[in-house]
1. Restrict the check to region 232-247 and report whether at least one residue is within 30 Å of LEU327 (Cα to Cα), among the acidic types (Asp, Glu) and either surrounded by fewer than 19 Cβ atoms within 10 Å (Cβ to Cβ) or modelled with pLDDT under 95 (or both).
2. Looking at region 407-415, can you tell me whether even one residue there is under 14 Å from VAL233 (Cβ atoms), among the acidic types (Asp, Glu) and in a helix (DSSP H, G or I)?
3. Looking only at region 242-271, count how many residues are in a loop (DSSP other than H, G, I, E, B) and of a type in the set (A, V, I, L, M).
4. Could you list, in sequence order, all residues of region 311-343 that are under 25 Å from the mean Cα position of the chain (by Cα) and within 25 Å of GLU405 (Cα to Cα)?
5. Filtering region 395-417 down to residues that are aliphatic (A, V, I, L, M) and closer than 14 Å to PHE345 by Cβ, which residue is surrounded by the most Cβ atoms within 10 Å (Cβ to Cβ)?
6. Considering only residues that are part of a helix (DSSP H, G or I) and among the small types (Gly, Ala, Ser), look in region 362-397 and name the one that is farthest from PRO412 (Cα to Cα).
7. Residues of region 145-167 being in contact (Cβ under 8 Å) with a residue 60 or more places away in the chain and under 25 Å from the mean Cα position of the chain (by Cα), which ones?
8. Working only within region 6-35, note down all residues that are more than 18 Å from the chain's Cα centre (by Cα) and buried (at least 16 other Cβ atoms within 10 Å of the Cβ).
Amino acid sequence: MNPPIRRLLIDITHTASQDYHTGIQRVVRSLARESLAYSANPETKIECFPVIHIDGRFVHVDRWCAARGYSKSGRSWAAFCQDLVPNWVGTANRLKLNRLGTRIRKLLYPRTIDRFARKVIQRLRPPHVAVNPGTGDVILMPDSWWDLPELFEAIQSAQQNGAIVGAMVHDLIPIRFPEFFDGGMRTKFTPWMQRLVRTVDFILGDAQAGEDDLWRFIQEENAPIERHNVSHVRLGCDIGPVRQVDISKVPGNIRRLFAEREKAPYLMVSTIEVRKNHHYLLDAFELLWQEGVDVSLALVGRVGWKCDDLVARISNHPEVGKRLHFLDNVNDDALNYIYQRSKGFLFSSKAEGFGLPIVEAQHHGLHVFASDIPIFREVAGSGAQFFSLDDPSHLQRQIVAFENEQGWESKPSITVENEPWKAVFPKLVDVVAHLAGNLLEARSASASRAA
């Protein structure tokens with residue numbers, strides 16, 4: 001039986017025009033990469049490929065963009081040429097060179113050569129190939145495109161031509177917890193989501209918890225999307241095997257700090273920001289130190305935003321450099337070394353879209369202590385321990401018990417399997433095809449009743 005769709009177009013417009021490497025961009029680039037690998041299979045019935053929106057139309061992503069890892073493709077071609085061809089003509093005019101200087105410039109680099117060189121370079125890159133989405137096509141919007149309102153007009157035009165449009169929304173944290181963000185993000189994201197749920201045909205989350213929250217938001221907004229058109233696909237995790245560390249690239253202070261497992265610190269890896277809730281960890285460890293429990297805490301990550309009070313608390317803490325350690329410039333080898341030698345992993349975040357650091361910690365064989373929020377229970381499974389964010393003494397008691405049992409000597413129980421993107425992408429295609437089939441059946445039934 002043939003699928004209800006013939007092409008799945010994955011919009012990567014925002015990611016392809018930037019050079020960011022945040023969580024959403026990593027997801028989008030993984031989808032772009034796997035879509036082409038999926039379509040390379042001759043038995044595939046649905047053609048999948050990434051697209052970008054440029055000059056008022058959706059176009060194929062060319063090999064130049066793919067070769068750069070799907071970044072900076074939206075840069076103007078004129079700017080690219082400017083880098084390759086020296087603009088001596090313009091420079092001479094700006095500097096108002098004297099007549100002799102102008103003659104020398106014309107002799108060495110006449111305008112005809114300048115124009116010819118630019119034309120040759122432009123011809124090296126093939127023109128954009130339009131996609132023209134219509135009947136039989138699905139456009140999936142997984143990117144962070146709240147800064148690109150023109151895409152609403154593009155997808156509505158595609159819908160008028162018969163295409164189905166779905167969005168992949170990774171979390172609603174700017175709406176549920178606006179205090180974690182600056183005013184710019186709050187004023188953009190909420191109106192974007194309100195318009196989104198009134199425009200797209202279906203919507204996907206990253207996990208069951210995300211799907212449930214999206215459905216609550218749709219109900220709150222009284223949007224026209226029906227419950228069976230809301231689903232989720234669990235994100236892939238391409239972590240790879242635990243690799244051998246090049247010890248020469250691990251700074252001496254880190255080697256000394258994590259030299260012995262039983263004396264190593266507990267670890268948290270995340271940006272220093274209010275949402276990650278580092279204050280809670282400090283409160284819990286201060287309780288431990290007051291009781292005479294000799295444990296230490298290592299915070300790994302760069303300083304983020306709205307966290308001046310937290311940075312001051314860490315910097316001025318009496319245990320800093322003794323049993324409290326802040327490591328803000330850690331290379332990959334050092335981070336792997338830390339993961340492999342920490343006593344346990346802590347994640348006290350108040351809200352997350354997925355929680356990949358938990359997966360990474362379990363992958364490295366660490367016991368996980370995480371805040372008791374729905375997404376962490378789904379991602380970490382029953383093998384982790386969960387603490388209440390209402391009371392730091394809850395985590396304190398868990399660590400005391402873990403210390404008494406020397407829990408780091410045993411392997412953690414991992415009850416949730418995290419699959420690579422290669423295995424996840426076909427599941428995404430199946431979910432999208434199922435949703436598209438339901439939508440097409442509903443449209444056909446509606447048309448029959450109208451007739």
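1. In the first step, residues of region 232-247 are kept if they are within 30 Å of LEU327 (Cα to Cα); the result is 235-247.
Remaining after also requiring among the acidic types (Asp, Glu): 238, 246.
From what's left, either surrounded by fewer than 19 Cβ atoms within 10 Å (Cβ to Cβ) or modelled with pLDDT under 95 (or both): 238, 246.
Yes, because at least one residue in region 232-247 is within 30 Å of LEU327 (Cα to Cα), among the acidic types (Asp, Glu) and either surrounded by fewer than 19 Cβ atoms within 10 Å (Cβ to Cβ) or modelled with pLDDT under 95 (or both).
2. No, region 407-415 has no match at all.
3. Within region 242-271, the first condition is being in a loop (DSSP other than H, G, I, E, B), and the residues that meet it are 242-246, 250-251, 258-260, 264-265, 270-271.
After this cut, where a residue has to be of a type in the set (A, V, I, L, M) as well, the list is 242, 245, 250, 259, 264.
Going through region 242-271 one residue at a time, the tally reaches 5.
4. Scanning region 311-343 gives TYR337, ILE338, TYR339, GLN340.
5. Initial filter on region 395-417 (aliphatic (A, V, I, L, M)): 395, 399-401, 414, 416.
This time we only want the ones that are closer than 14 Å to PHE345 by Cβ, so: 395, 399, 414.
On the way: LEU395: 27, ILE399: 24, ILE414: 17.
Top of the filtered list is LEU395.
6. Start the filter on region 362-397 by keeping residues that are part of a helix (DSSP H, G or I), which leaves 362-363, 374-383, 392-397.
Imposing the further condition that a residue be among the small types (Gly, Ala, Ser) reduces the set to 380-383, 393.
Details: ALA380: 11, GLY381: 11, SER382: 10, GLY383: 7, SER393: 23 Å.
The qualifying residue farthest from PRO412 (Cα to Cα) is SER393.
7. TRP145, ASP147, LEU148, GLU150, LEU151, ALA154, ILE164, GLY166 - these are the residues of region 145-167 that are in contact (Cβ under 8 Å) with a residue 60 or more places away in the chain and under 25 Å from the mean Cα position of the chain (by Cα).
8. Of everything in region 6-35, those that are more than 18 Å from the chain's Cα centre (by Cα) and buried (at least 16 other Cβ atoms within 10 Å of the Cβ) turn out to be ARG7, LEU8, LEU9.
The values are calculated or read from the model by the stated rules, or taken from the named source; none is laboratory data. Since the model is a prediction, treat every value here as computed from it, not as a measurement. Virtual Cβ from ideal backbone geometry, glycine too; neighbours counted across all protein chains shown.
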